[in-house]
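Asks: First the structure, which I've put down as structure tokens, then a few questions once you've had a look.
The values are calculated or read from the model by the stated rules, or taken from the named source; none is laboratory data. Being a predicted model, the structure only gives us computed values, none of them experimental. When we count neighbours, we look across all protein chains shown, and the Cβ atoms used for this are built from the backbone with ideal geometry, even at glycine. Accessible surface areas use protein heavy atoms only, side chains included; no ligands, DNA or RNA. Shrake-Rupley method; radii C 1.70, N 1.55, O 1.52, S 1.80 Å.
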Amino acid sequence: MSLLITNIGELVTNAPREAVSVASPGPFEALTDAALVLDGGLVGWAGQAARAPAADEVVDAAGRAVLPGFVDSHAHLVFAGERGAEFAARMAGRPYSAGGIASTVTATRAASDEALRANLARLAREMLSQGTTTFECKSGYGLTVADEARSLALAAEVTPELTYLGAHVVPAEFASDTAGYVDLVCGDMLTACAPLARWVDVFCERGAFGADEARAVLTAGAAAGLQARVHANQLGPGPGVQVAVAAEAASADHCTFLSDADVDALASSGGTVATLLPGVEFSTRQPYPDAPRLLAAGVTVAIATDCNPGSCFTSSMPLCVALAVREMRMTTAEAVWAATAGGARALRRTDVGHLGVGARADLVLLDAPSHAYLAYRPGVPLIAGVWRGGERVT
Ligand code: NIG
Ligand code: FE
């Protein structure tokens, strides 16, 4: 069954430049007066509406915009409890610290599978209704062999992009034995989690893990078949970005406090994306990352939510696009590219983040004539329809 979506006022394709059926997203590209054909769950054709081929069914977009579905490459969705009081205290002047993670670890360990599953399903539904068609999900609130493996097994019910984050923080029972905890993360915990995950991540930050510990975790993860991603330079300057680039990580995430050497390392990395998480700065009152500096240096930039109960409890990619434009001084095109194609690059995915022929038919119909409205009308529910794998899901 093929579907023609026609009368599209603006079609953002990010189509690959190479003439192959499926490839990495290309640069930002938007067509006007466009149409799109979905066939067999993939994009079958994209171009000028006047030249569109016939299809079994037709949807009239009535001049509205169509974008690739958002790719949220950084989220922590397996948790129990909430930290609204911590947020309120922060807005009253208390600074964010990694220490809050411990309270979520306690709640998550105590929660039933059913409670964790229900929370995951709720957040996955929220994401989909806001146009996110691909998302990554980390463990990291279990921090025992059984609880980390359980987190990944539950997350596998909602996404294939699974990240082992046993190295989120050192749990209380290892407070005086960080080395022992790193051994566990690189040993029995990894053995239990590696078969369940695609990625390994580490929170490389003062108060979490240092450079040597982070390298040990990424090296052990790689030996177990996991590709690297790193929480880097979130709360202050540090070695995270350099560790990420040296490990050929797919992404260095946060990138809030960068030296010139960090920017250079990302620019010459050849494959490490800088994933910016502006919802975190919004929710912690930290300074925003310097996106124009990264873009001017030629770094590939992605935007993601970092949805988690502590530093940023939003699942909304449209909000993150608006923050990226207003607070990080990205253009509307740069922000939308970073939230779609950039996320795909950060997950090393060639099939999503763009609407070139052969891409997965993951797309969003906006109740607006152009992508710019995501920032122009912040906070307004503009997602009029979502297709995933060619099926209309909202
Ligand atoms: O990405 N930085 C580390 N982890 C999360 C925060 C987790 C939490 O506060 O619960 C983050 O910001
Ligand atoms: Fe995070």
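Asks: How many residues are within 16 Å of ligand 1 (Cβ to nearest atom), part of a helix (DSSP H, G or I) and farther than 18 Å from SER315 by Cβ if we restrict to region 139-154?
Replies: 2
Asks: Moving on to the next point. Would you mind finding the one in GLY279, GLY270 that is within 16 Å of ligand 2 (Cβ to nearest atom) and assigned by TED's automatic domain parsing to the domain that holds GLU136?
Replies: Among GLY279, GLY270, only GLY279 is within 16 Å of ligand 2 (Cβ to nearest atom) and assigned by TED's automatic domain parsing to the domain that holds GLU136.
Asks: Going through GLY140, GLY131 one at a time, which residue ends up being touching an Asp or Glu at 6+ places or on another chain (Cβ under 8 Å) and on the phi > 0 side of the Ramachandran plot?
Replies: None of the others qualify; the one that does is GLY140.
Asks: Then there is this: Can you tell me which residue within region 364-377, out of those that are in contact (Cβ under 8 Å) with a residue 60 or more places away in the chain and not in a loop (DSSP other than H, G, I, E, B), is nearest to TYR288 (Cα to Cα)?
Replies: By that ranking, first place goes to TYR373.
Asks: A further question follows. Take LEU319 and tell me if it is farther than 20 Å from LEU366 by Cβ and either among the hydrophobic types (A, V, I, L, M, F, W, C) or within 16 Å of ligand 1 (Cβ to nearest atom) (or both).
Replies: Criteria not met by LEU319.
Asks: When residues of region 184-230 are filtered for being touching a residue at least 60 places away in the same chain (Cβ under 8 Å) and either more than 21 Å from PRO160 (Cβ to Cβ) or within 15 Å of ligand 2 (Cβ to nearest atom) (or both), how many remain?
Replies: Selection size over region 184-230: 7.
Asks: For THR108, only one of the following conditions fails: (1) part of a loop (DSSP other than H, G, I, E, B); (2) at pLDDT 95 or above; (3) within 16 Å of ligand 2 (Cβ to nearest atom). What is its number?
Replies: (1)
Asks: Quick one: how many residues across region 160-169 are among the acidic types (Asp, Glu) and open to solvent by 40 Å² or more (accessible area, probe 1.4 Å)?
Replies: Residues in region 160-169 being among the acidic types (Asp, Glu) and open to solvent by 40 Å² or more (accessible area, probe 1.4 Å): 0 in total.
Asks: Next up: If you check GLU86 against the conditions, is it open to solvent by less than 70 Å² (accessible area, probe 1.4 Å), of a type in the set (Asp, Glu) and out of contact with any strand residue (DSSP E or B) (no Cβ under 8 Å at 6 or more places or on another chain)?
Replies: The answer is yes for GLU86.
Asks: State all residues of region 294-335 that are in contact with a helix residue (DSSP H, G or I) (Cβ under 6 Å, 6 or more places away or on another chain) and either free of Cβ contacts under 8 Å to residues at least 24 places away in the same chain or part of a helix (DSSP H, G or I) (or both); if no residue qualifies, say none.
Replies: Once the filter is applied, which keeps residues that are in contact with a helix residue (DSSP H, G or I) (Cβ under 6 Å, 6 or more places away or on another chain) and either free of Cβ contacts under 8 Å to residues at least 24 places away in the same chain or part of a helix (DSSP H, G or I) (or both), region 294-335 yields MET317, PRO318, CYS320, VAL321, ALA322, LEU323, ALA324, VAL325, THR332, ALA335.
Asks: Continuing with the same structure: In region 263-285, what residues are within 16 Å of ligand 1 (Cβ to nearest atom), part of a loop (DSSP other than H, G, I, E, B) and either without any contact (Cβ under 8 Å) to a residue 60 or more places away in the chain or open to solvent by 40 Å² or more (accessible area, probe 1.4 Å) (or both)?
Replies: ARG285
Asks: Has region 54-77 got any residue that is assigned by TED's automatic domain parsing to the domain that holds LEU363, assigned to a helix (DSSP H, G or I), open to solvent by 40 Å² or more (accessible area, probe 1.4 Å) and aliphatic (A, V, I, L, M)?
Replies: Checking region 54-77: not a single residue is assigned by TED's automatic domain parsing to the domain that holds LEU363, assigned to a helix (DSSP H, G or I), open to solvent by 40 Å² or more (accessible area, probe 1.4 Å) and aliphatic (A, V, I, L, M).
Asks: Being in the same structural domain as GLU136 (by TED's automatic domain parsing) and in contact with a strand residue (DSSP E or B) (Cβ under 6 Å, 6 or more places away or on another chain): is that true of ALA34 here?
Replies: Criteria not met by ALA34.
Asks: Of the residues GLU157, GLU136, only one is open to solvent by 20 Å² or more (accessible area, probe 1.4 Å) and either small (Gly, Ala, Ser) or closer than 30 Å to PRO318 by Cα (or both); which?
Replies: Sole residue among the options that is open to solvent by 20 Å² or more (accessible area, probe 1.4 Å) and either small (Gly, Ala, Ser) or closer than 30 Å to PRO318 by Cα (or both): GLU157.
Asks: Can you report the number of residues in region 347-381 which are touching an Asp or Glu at 6+ places or on another chain (Cβ under 7 Å), open to solvent by less than 40 Å² (accessible area, probe 1.4 Å) and under 13 Å from GLY69 (Cα atoms)?
Replies: Total satisfying the criteria: 3.
Asks: While we're looking at this one, here's another question. Identify all residues within region 336-363 that are of a type in the set (A, V, I, L, M) and outside any strand (DSSP E or B); write none if there are none.
Replies: Those that are of a type in the set (A, V, I, L, M) and outside any strand (DSSP E or B): VAL336, ALA338, ALA339, ALA341, ALA344, ALA346, LEU347, VAL352, LEU355, VAL357, ALA359, ALA361.
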